[in-house]
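K.L.:
One structure coming up, written as structure tokens, with questions to follow.
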Amino acid sequence: MNELPIEQQFAVVLYGHTLKYESECILKLFIPATRFQFFYDDISPLNKCQRTAFLQLRQGKEYTWFYCAVSLYGKRLRCAEKLEKCNPETDKAKCEYQFSKMLFSLLEKLTGITVPWGLLTGIRPVRKVLPLIEEGKTKEEIFNILHNTYKIAEEKMELVYKTACVQKPLLEQTPKNSVGLYVSIPFCPTRCSYCSFVSHSVQQAKKLMPDYIRLLCKELEIWAKIVKDLKLSIDTVYFGGGTPTSLEAYDLQKLLETIQNNFDLSHVREYCVEAGRPDTITAEKLAVLREYGVERISINPQTMNDEVLKNIGRCHTSADIIDSYNLARKYDFSNINMDLIAGLPGDTPEQFHSTLEKVIALSPDSITVHTLTLKRAANLYADGMSQINNPVREMVRDSVNMLPKYDYLPYYMYRQKNTIDNQENVGYARAGKESFYNMLIMDETQTILGAGCAASTKLVEPNGRITRVHNYKFPYEYIAQFDQLMKKKEQVYEVYSHII
Ligand code: SF4
């Protein structure tokens, strides 16, 4: 018999169906820091007390029945309901939705937990609201729909509605045939404990750097030819990663020069480089960025609390953040963003509030508030403790209330899997300082061309169809298989052949 350590692993029995994804998405909203083990139809390896959830779909002649029994923390609740006109084969989406809704209600009753985003598990909540605004629905009607369909909490409905209202006129300005260019620099000085990106420490990657930069320049030249051939125009350029400023100034210059010499940048509305960590920012690099027309940078403290900075493995202090910010201001960037993270290990609502105050006092043009997300690849994931009793809800609420008072309005938002307390990430900006790239990548209405390892290209057709072309994840693969990788670019011509 398979002995389950039930305090760590939750056994879920799916009987008569395979709605594992839906079951797991809903269960995770109520049961944090857990691993689920799924069993299909055969319940013999488990005794009754080992079953956290028994989820059965039974199809009768006219109706589908859903039977559900959940045992949690010593409590047990059961329900049986008829799913309205729902055949799991032919009405898959409807069936999945009703199944999820019932499981959600049951877990809500059993645990007493309120899930801020309710049943909405998608990563782009604004996209649920924009079409309703476009249809001419009133705010009240939209809130009714969101509440009835997804059971979203009032405060989140307010937030997503406000974000959609700020974003809508800006999205309408997107020029025709325009594309974004994303340049990936997957290197960082050291790895933060919560990080799950494919980022490599600069020290480890030193050997690879010359080849990586050389080939990245080559890929940019290839993209430039495609852009010219297809008569596209570059709307935004975004250097992300990793930490692009972990490159030496001369490597940054090489990349920026390649872009300047090969692309027509006359229509660019936004040129952004993530300067990320203050320990990578120097006067020389800032001067190079400005020389090549970079207008927006992001300096990301994550927290202004020195203890918390230590906890996450950062090798700088909050004083260094202020110095970097003041230095960057001297270089006359028109848009400086600062990123924060709510829910970092060791942080408290009071300290987070003080971080907000300190960042607001610097007066950046925009502030992005992320919520801690723990993926398996992150070092912090292993202990699982960062998710338990994390006061993140209070911190997020504080930022939502405080930032608009200083003219920072929410303009883009996304959610991720495994975010603590199922919260969200929100970009706030002062009027006119919103990032087009951030909005468009979430809205998925503009093609993004990705260069460098771990970058992906997203080809968006006018009918909304999206084709994705991924580059290799790791620098050594990107370098070793560069020529094969570049062959994939033929797909771009193919897709555009039926757009133009
Ligand atoms: S700076 Fe960002 S990408 Fe780099 S290690 Fe930290 S979290 Fe990861």
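K.L.:
Would you mind listing the helices (runs of 4 or more DSSP H) fully within segment 154-229 where at least 2 residues are more than 16 Å from the ligand (Cβ to nearest atom) and either in the same structural domain as Leu403 (by TED's automatic domain parsing) or free of Cβ contacts under 8 Å to residues at least 40 places away in the same chain (or both)? Don't jump to the end; show me each part of the working.
P.N.:
On the way: elements: 154-171, 202-205, 209-229.
Filter on segment 154-229 gives 154-171, 209-229.
K.L.:
Tally time: how many residues in segment 230-240 are in a strand (DSSP E or B) and away from the ligand (no atom under 16 Å from the Cβ)? Write out each step before concluding.
P.N.:
Taking segment 230-240 and keeping what is in a strand (DSSP E or B), we get 233-240.
Restricting the remaining residues to those that are away from the ligand (no atom under 16 Å from the Cβ) gives 233-237.
Final tally of qualifying residues: 5.
K.L.:
Let me ask you something else. Just to verify a result, which residue in segment 321-343, among those that are within 14 Å of the ligand (Cβ to nearest atom) and in a helix (DSSP H, G or I), is surrounded by the most Cβ atoms within 10 Å (Cβ to Cβ)?
P.N.:
Checking each candidate, the answer is Ile321.
K.L.:
While we're on this one: Thr243 - would you say it is within 9 Å of the ligand (Cβ to nearest atom) and surrounded by fewer than 21 Cβ atoms within 10 Å (Cβ to Cβ)? Quick ask: steps written out before the conclusion?
P.N.:
On the way: within 9 Å of the ligand (Cβ to nearest atom): yes; surrounded by fewer than 21 Cβ atoms within 10 Å (Cβ to Cβ): no.
No: the conditions fail for Thr243.
For (1) within 28 Å of Met402 (Cα to Cα); (2) without any contact (Cβ under 8 Å) to a residue 12 or more places away in the chain, each residue gets a yes or a no:
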residue	(1), (2)
Glu62	no, yes
Ala69	no, no
Lys82	no, no
Glu141	yes, yes
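K.L.:
Oh, and also: Which residue out of Leu286, Leu256 is assigned to a helix (DSSP H, G or I), buried (at least 23 other Cβ atoms within 10 Å of the Cβ) and out of contact with any strand residue (DSSP E or B) (no Cβ under 6 Å at 6 or more places or on another chain)? Walk me through how you get there before you give the answer.
P.N.:
Numbers: Leu256 fails: buried (at least 23 other Cβ atoms within 10 Å of the Cβ).
The conditions single out Leu286.
K.L.:
While we're looking at this one, here's another question. Restricting attention to segment 415-425, report how many residues are touching a residue at least 60 places away in the same chain (Cβ under 8 Å) and surrounded by 18 or more Cβ atoms within 10 Å (Cβ to Cβ).
P.N.:
Qualifying residue count for the region: 6.
K.L.:
Here is a follow-up. Could you pull out the residue among Leu132, Leu146 that is under 28 Å from Glu24 (Cα atoms) and among the hydrophobic types (A, V, I, L, M, F, W, C)?
P.N.:
Working: Leu132 fails: under 28 Å from Glu24 (Cα atoms).
Matching residue, one of Leu132, Leu146: Leu146.
K.L.:
Continuing with this model, one more query. I'm trying to understand the selection: among the residues of segment 270-306, which are touching a residue at least 60 places away in the same chain (Cβ under 8 Å), acidic (Asp, Glu) and within 12 Å of the ligand (Cβ to nearest atom)?
P.N.:
The answer is Asp279, and nothing else.
K.L.:
While we're looking at this one, here's another question. Can you tell me which residue within segment 351-366, out of those that are within 10 Å of Asn305 (Cβ to Cβ) and of a type outside the set (Phe, Trp, Tyr), is nearest to the chain's Cα centre (by Cα)?
P.N.:
Here is the first cut: in segment 351-366, the ones within 10 Å of Asn305 (Cβ to Cβ) are 351-352, 354-355, 358.
Right, trim to of a type outside the set (Phe, Trp, Tyr) and you get 351, 354-355, 358.
Working: Gln351: 24, Ser354: 25, Thr355: 22, Lys358: 25 Å.
Looking at the filtered set, the residue picked out is Thr355.
K.L.:
Follow-up question, since we're still on this one. Being touching a helix residue (DSSP H, G or I) at 6+ places or on another chain (Cβ under 7 Å) and more than 27 Å from Leu216 (Cβ to Cβ) is the filter here, so list the residues in segment 429-442 that pass it.
P.N.:
Glu434
K.L.:
Still on this model: Does segment 394-405 contain at least one residue that is among the β-branched types (Val, Ile, Thr) and outside any helix (DSSP H, G or I)?
P.N.:
At the first step, the residues of segment 394-405 found to be among the β-branched types (Val, Ile, Thr) are 396, 400.
Okay, now just the ones that are also outside any helix (DSSP H, G or I), so none.
Within segment 394-405, not a single residue is among the β-branched types (Val, Ile, Thr) and outside any helix (DSSP H, G or I).
The values are calculated or read from the model by the stated rules, or taken from the named source; none is laboratory data. It should be emphasised that the depicted structure is a prediction, and the values quoted were computed from it without experimental measurement. All Cβ positions, even for glycine, are placed from backbone atoms using ideal geometry, and neighbour counts span all protein chains on display.
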